[in-house]
Number of protein chains: 2
Amino acid sequence: MIEKLCIIGIGLIGGSLARALRYNGYVREVIGYGRSVGSLQQAVELGVIDRAEVSLPDAVRAADMIVLAVPVGNMAEILETLGPVLPDAAVVTDVGSVKGSVITSARAALGSRFTHFVPGHPLAGTEQSGVAASLPDLFTRRRVVLTPEPDTDADAQARVRAMWEAAGAEVATLTAADHDRLLAVSSHLPHMLAYCLVDMVVRHDEYRAIIENSAAGFSDTTRIAASDPVMWRDICLANRDALVVALRQYHDDLGAIVKAVEKGDGKWLCDTFTRAKHARAKLNKKI
Amino acid sequence: MIEKLCIIGIGLIGGSLARALRYNGYVREVIGYGRSVGSLQQAVELGVIDRAEVSLPDAVRAADMIVLAVPVGNMAEILETLGPVLPDAAVVTDVGSVKGSVITSARAALGSRFTHFVPGHPLAGTEQSGVAASLPDLFTRRRVVLTPEPDTDADAQARVRAMWEAAGAEVATLTAADHDRLLAVSSHLPHMLAYCLVDMVVRHDEYRAIIENSAAGFSDTTRIAASDPVMWRDICLANRDALVVALRQYHDDLGAIVKAVEKGDGKWLCDTFTRAKHARAKLNKKI
């Protein structure tokens with residue numbers, strides 16, 4: 001049970017976590033902090049938070065759990081502001097899509113209190129942003145990855161794990177390096193592919209005709225290209241090394257497909273598509 | 001109204017068309033022809049067709065509408081068999097994803113009766129195959145593209161258009177070359193991207209961990225990689241020239257993204273993602 005939860009950044013993820021914990025009776029009071037007064041007001045009106053604060057020191061005062069739900073690119077600045085005002089009893093966690101860079105910032109900003117920072121990443125979300133899009137069941141049966149460091153406090157880890165489980169999630173633990181390398185392939189790369197496809201079509205002479213003659217395949221493949229551009233720019237910059245490895249591999253693999261189509265190598269294409277089909281069909285069963 | 005409809009190939013598309021026309025009372029009798037006795041029997045049991053035939057001449061006898069719903073790679077052979085036994089009153093259409101190659105085969109196989117062949121392509125489907133996956137509303141408000149040639153009979157066109165409208169679809173007309181060039185971008189390219197991504201993950205050392213740490217972005221982006229490999233091999237071969245143009249463009253564009261991530265060029269990435277986001281969000285409203 002959390003007495004006083006402070007969520008910094010009341011968007012899709014922060015708002016959904018607040019809704020889930022309130023819905024499940026796991027939190028007594030939720031304080032929201034953010035830069036946009038309009039969003040904070042909307043969060044209060046929607047009943048997502050109890051109270052909004054526009055000063056970070058006021059927001060975190062007496063909190064026992066602080067969740068940083070801002071984009072990866074804003075984590076360093078928030079952590080620096082948080083460092084000097086962090087309450088003694090508080091555990092801090094975040095929801096950033098990249099863990100290595102957030103850990104580096106947290107270690108620098110939090111000093112000896114870094115032990116009570118538990119890096120986390122819920123593998124959930126939609127292409128939408130903002131508190132109005134938040135959902136109480138966004139995390140139900142979704143994985144949340146925690147990436148504790150060797151010096152992360154065990155009790156702090158347990159409290160963050162319990163919070164996510166109360167929100168309906170399944171919690172797993174990885175090293176930050178493993179997380180960033182795996183997510184580069186499973187999430188960051190697909191976002192690049194979707195952005196690239198839509199941008200190619202936008203700049204195409206026949207843009208309108210291509211869209212008019214598209215079907216579900218195009219719209220599913222590109223759904224995540226409606227994601228927030230600033231957030232994704234920051235993910236690219238924060239996970240650059242692992243993302244470049246994944247992008248280069250894909251670029252080479254696609255080059256092989258281009259060559260096979262050029263040569264009309266039906267056997268190679270059919271073998272490749274068959275391998276993919278079997279794996280993807282298995283994934284459907286898992287989902 | 002169709003008196004006797006013969007559907008050649010009772011899979012997802014052929015089966016869904018039969019269901020839609022029966023449901024809307026637009027057809028008196030539906031005859032199914034196919035190679036798999038099991039599929040034909042299943043189609044009869046599911047009430048998708050009235051009667052199955054295992055001989056093509058028997059199946060098309062006295063039909064006023066014949067729909068070729070076989071994969072693109074099987075069209076030439078079916079058309080050659082159909083040519084000598086085509087009833088005088090029959091109109092023929094197809095559902096192939098590539099139009100140029102089907103038209104070439106039809107012109108060769110049907111001779112003077114080519115005028116009554118109306119090339120078509122419903123922009124609908126799922127990643128599934130087979131009559132069991134067929135749906136009576138698969139074409140509801142979906143586009144069907146007809147690609148008549150200069151010598152295609154006007155009455156034959158009108159009859160095929162009326163059939164698709166009776167199945168709930170919206171019919172548009174393009175030249176075959178325009179269709180194949182546009183669909184290479186809007187459909188064939190996304191399938192290559194999805195197959196390539198899943199195949200890269202399948203062959204990855206960390207396959208299992210990548211899948212375990214994937215979320216909705218990965219599964220949506222790759223849904224169409226569960227599509228039939230033989231069908232897609234044949235589409236690649238039949239639309240090779242247009243697909244190679246689209247693939248090369250995408251390969252170059254992705255190369256630019258790789259470079260921007262490598263250089264950490266946040267402005268370029270944000271501009272590209274923003275262009276894509278706005279276009280993709282507009283598409284959501286359209287859908």
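Quick grid of which residues meet (1) surrounded by 16 or more Cβ atoms within 10 Å (Cβ to Cβ); (2) at pLDDT 95 or above; (3) more than 17 Å from B:T93 (Cα to Cα):
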{"residue": "B:L17", "(1), (2), (3)": "yes, yes, no"}
{"residue": "B:G25", "(1), (2), (3)": "no, yes, yes"}
{"residue": "B:R28", "(1), (2), (3)": "no, yes, yes"}
{"residue": "B:G38", "(1), (2), (3)": "no, no, yes"}
{"residue": "B:I49", "(1), (2), (3)": "yes, yes, yes"}
{"residue": "B:D58", "(1), (2), (3)": "no, yes, yes"}
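Give A:A158, A:A162, A:A154, A:A177 a once-over and let me know the one that is hydrophobic (A, V, I, L, M, F, W, C), touching a residue at least 40 places away in the same chain (Cβ under 8 Å) and surrounded by fewer than 19 Cβ atoms within 10 Å (Cβ to Cβ).
When all the criteria are applied, what remains is A:A177.
Would you say B:I257 is under 22 Å from the mean Cα position of the chain (by Cα) and either part of a helix (DSSP H, G or I) or free of Cβ contacts under 8 Å to residues at least 40 places away in the same chain (or both)?
no
For region B:45-60, which residues satisfy the criterion of being in contact (Cβ under 8 Å) with a residue 40 or more places away in the chain and either outside the structural domain of B:S134 (by TED's automatic domain parsing) or part of a helix (DSSP H, G or I) (or both)?
B:L56, B:A59, B:V60
Out of the residues in region A:81-116 meeting the condition of being hydroxyl-bearing (S, T, Y) and either out of contact with any helix residue (DSSP H, G or I) (no Cβ under 6 Å at 6 or more places or on another chain) or not assigned by TED's automatic domain parsing to the domain that holds A:I8 (or both), tell me which one is farthest from A:D64 (Cα to Cα).
A:T104
Check off (1) within 7 Å of another protein chain (Cβ to nearest Cβ); (2) under 16 Å from the mean Cα position of the chain (by Cα); (3) at pLDDT below 95 for B:D220 and give me the number that stays unchecked.
Answer for B:D220: the failing condition is (2).
Within region B:125-139, identify whether any single residue is assigned to a helix (DSSP H, G or I) and over 23 Å from B:G25 (Cα atoms), and answer yes or no.
no
Given (1) part of a loop (DSSP other than H, G, I, E, B); (2) free of Cβ contacts under 8 Å to residues at least 24 places away in the same chain; (3) not charged (D, E, K, R), where does A:A63 come up short, assuming only one miss?
Going through (1) part of a loop (DSSP other than H, G, I, E, B); (2) free of Cβ contacts under 8 Å to residues at least 24 places away in the same chain; (3) not charged (D, E, K, R) one by one, A:A63 breaks only (2).
For residues that are over 15 Å from B:V201 (Cα atoms), more than 7 Å from every other protein chain (Cβ to nearest Cβ) and not charged (D, E, K, R), scanning just region A:257-278, find the one that is surrounded by the fewest Cβ atoms within 10 Å (Cβ to Cβ).
A:W268
In the list A:D241, A:D228, A:D220, which residue meets the criterion of being surrounded by fewer than 24 Cβ atoms within 10 Å (Cβ to Cβ), free of Cβ contacts under 8 Å to residues at least 40 places away in the same chain and either touching a Lys or Arg at 6+ places or on another chain (Cβ under 7 Å) or closer than 23 Å to A:G130 by Cβ (or both)?
The conditions single out A:D220.
Return the pairs, sorted by first residue and then second, in which the second residue is of a type in the set (S, T, N, Q), the first residue lies in region B:76-89 and is touching a residue at least 24 places away in the same chain (Cβ under 8 Å), the beta carbons are less than 7 Å apart, and the residues are 6+ apart or on different chains.
Cβ pairs passing all conditions: B:A76/B:S105; B:L79/B:S105.
Go through A:D252, A:D205 for me and flag whichever is more than 7 Å from chain B (Cβ to nearest Cβ) and part of a loop (DSSP other than H, G, I, E, B).
A:D205 is the lone residue from the list that is more than 7 Å from chain B (Cβ to nearest Cβ) and part of a loop (DSSP other than H, G, I, E, B).
The values are calculated or read from the model by the stated rules, or taken from the named source; none is laboratory data. Computed from a predicted structure; not experimentally measured. Glycine gets a Cβ as well: all are built from the backbone with ideal geometry, and neighbour counts include every protein chain shown.
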